[in-house]
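Written below as C-alpha cells is the structure these notes are about.
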Amino acid sequence: LALAGAGVQKLRPYEPGKPVEALERELGISDIIKLASNENPLGPSAAVDAAIAAASQDLARYPDGSGFALKAALAANLEVDTAQITLGNGSNDVLELMARVFLAPGRNAVCSAHAFAVYPLATLAAGAELREVPALAADAAQAYGHDLNAFADYIDDNTGLVFIANPNNPTGTWVDPDALQALLKRVPKRVLVILDEAYCEYQDQSQRPDAVALMREHENLVVTRTFSKVYGLAALRIGYALSNPQVADLLNRVRQPFNNNALALAAAQAALQDQAHVAASVALNDEGMAYFHDSLPALGLSILPSQANFVCVDFARPAQPIYQALLRQGVIVRPLDGYKLPQHLRITIGTPDENRRCVEALKTVLAE
Ligand code: PMP
C-alpha cells in the first residue's frame, strides 16, 4: 500500500448516489424518486432505441476504436476538424486523460472552491498539487461561483491545468464570457485551460461564451462536453473534448484503445441528430427551474443562481438531517458536505410530478 503515490493516499473516492433499489430495500418503501445525479428526466431521444438495437446485432466485434462516424457528425455540427476531438468514456474520462498527460508530481492544477469533484480527484491521482481559488462570497450575485478574476494569481510556472466548470456543479453558477476572455488573455499559453461545458445546453445561450470561437483564438483552451446530461445517455458513458489537434493527439495516445463501446457510439450519434429532443428537454428544465424558484422561497429557502439542470438550495443550517428526512419521504437528493457546502443540498430538476413530490416532501420535512 505504501507504494501508492502520496496523491492517491490523500484521495477520497467520488461518491455516487445510492442506487434506488438499494435504498428502497434499506428504507422499506417503494416509488422512491431520484433527483440526485443531474440526469435528464425525459431520458434519451426515441431514436436512440433503434440505434442501440442495430448496434447490438454485432456484439462479438470490437467497437470502432476511432469513433469515426460520431467524430464526423460532431465535427460537422460544431465546425471543428475531427482531429480536434477526443472521445471519452464520459467526459470524466477526458478530464482524467488531461490530468494524466499534463500533470505530474511537482506540477499543480488550479480550480475554484466548490467546483466539480473530479478536478481534485484527477489532479491528486496524477500526483500533482491542487490549488483552490476561493469562490465568490455567499452574498455575491453568483454566490459560491468561480472568481475568474482571481484565478491568475494562483497560476505559476508549475501549473499544468486550469479547470473551469461552466455552469459549475454543484452550485449551478456560470461565468461571465468577458471574464473568461480576460483570463484566457492572461494565462500563459503553456498552461491548458479546460472549460467544462457538461451543462451548457441548459444555459441562457445569450450569456454563454462561444467556446469554439474562443478555441480558435486561444490554442491552450480545451472544451469538454458530455452526452450524459441533456442527451440523456448517462448510463452509456460517452463524452468528448475539443482542443487543438496536438493536444488531441497526446490524449489519443494515452486513452484506452476502445474507451467507447459500440452501443454508446451509436446512441450518441442518434441522439445528436435529434435536436428537437434537446429543445424539449431544455424547455422542461426551464419549466421545472421556474417551479422551484416559485416554490422554494415560499418555504423560506434560497437557491443559488443556476443555469444548469439542478438547483443548489441553501438551508442555512446543517443539511444532512434534511437529506436523511427527505430520503424517508422517498426523495433522493444530493448532500454537499464533500463540496464544503454542508448547509446546501443539490436537487436535480425532474419531471413536473417529481418536482411537485420533492417540494411536498420538503414542506413535510421542514414542518417536522
Ligand atoms: N463535468 C461536470 C461539471 C459534471 O457535473 C459531470 C457529471 N456529474 C461531468 C463533468 C462528468 O459527466 P460524464 O462523465 O457523465 O460525462
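Just check segment 169-303 against the gyration tensor rule for me: Cα atoms, a ≥ b ≥ c as the square roots of the eigenvalues, rounded for a/c under 1.5, and otherwise prolate or oblate depending on whether a/b exceeds b/c. Walk me through the numbers before you get to the answer.
Numbers: a/c = 2.29, a/b = 1.25, b/c = 1.83.
Verdict is oblate for segment 169-303.
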Percent of all Cα-Cα pairs per 10 Å bin for segment 48-107, counting from 0 up to the last occupied bin, reads 17, 36, 33, 11, 3
Using the crude model of +1 on Lys and Arg Cβ and -1 on Asp and Glu Cβ, and no other charge, please compute the dipole size for the chain relative to its Cα centre, in debye to 20.
860 debye
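Report the longest stretch of the chain that contains none of the trypsin sites (Lys or Arg not before Pro) sitting in a DSSP loop with at most 13 other Cβ atoms within 10 Å. Walk me through the intermediate numbers first.
Numbers: sites that count: ARG61, LYS189, ARG190, LYS340.
My reading of the result: 191-339 is the longest stretch.
Using the Cβ atoms and a cut-off under 14 Å, what net charge is assigned to the surroundings of ILE322, where Lys and Arg are +1 and Asp and Glu are -1?
Numbers: positive: ARG317, ARG328, ARG334, ARG346, LYS363; negative: ASP314, ASP337, GLU368.
Net charge around ILE322: +2.
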Running Debye on segment 222-301 with equal point scatterers at the Cα sites and no solvent, what base-10 log of I(q)/I(0) appears at q = 0.17, 0.23, 0.26 Å⁻¹?
-0.81, -1.09, -1.21
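What is the projected area of the convex hull of the Cα atoms of segment 244-368, averaged over all directions, in nm²?
Details: hull surface 44.1 nm².
Directional mean of the projected Cα hull area for segment 244-368 stands at 11.0 nm².
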Anisotropy class of segment 320-368 from Cα gyration tensor, a/c 1.5 cut:
oblate
So if I take the centroid of the Cα atoms in segment 276-354 and the same for segment 92-151, what is the distance between those two points in Å?
24 Å
Positive dipole terminus of segment 47-273, leading residue within PRO63, GLY127, ILE155 (C-beta point charges)
PRO63
Consider just the alpha-carbon atoms of the chain and return their Rg together with their Dmax, both in angstrom.
20.4, 58
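Report relative contact order for the chain in percent, whole number only (criteria: Cα-Cα under 8 Å, sequence separation at least 6). Before the final figure, lay out each step's value.
Working: 704 pairs, mean separation 85.8, N = 368.
The normalised contact order for the chain reaches 23 percent.
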Grab the chain and count how many Lys pairs have their alpha-carbon atoms under 22 Å apart, sequence gap of 8 or more, or different chains.
7
What ratio of Cα Rg to 2.2 N^0.38 Å holds for segment 1-118?
1.47
Under the 0.36 nm per residue contour assumption, what length would be gained going from the current alpha-carbon distance of ASP156 and ASN77 to full extension?
24.8 nm
Just to be sure I understand: with springs between alpha-carbon atoms less than 10 Å apart, which residue in VAL118, VAL254, VAL133 has the highest mean-square fluctuation in the Gaussian network model of the chain?
VAL254
Rounded to whole Å, give me the distance from the Cα center of segment 20-57 to that of segment 192-217.
28 Å
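Bear in mind that the values in this text are calculations on the coordinates, not laboratory data. Quantities reported herein were computed from a predicted structural model and do not represent experimental measurements. FYI the Cβ positions are ideal-geometry reconstructions off the backbone, even for glycines, and counts take in every protein chain you see.
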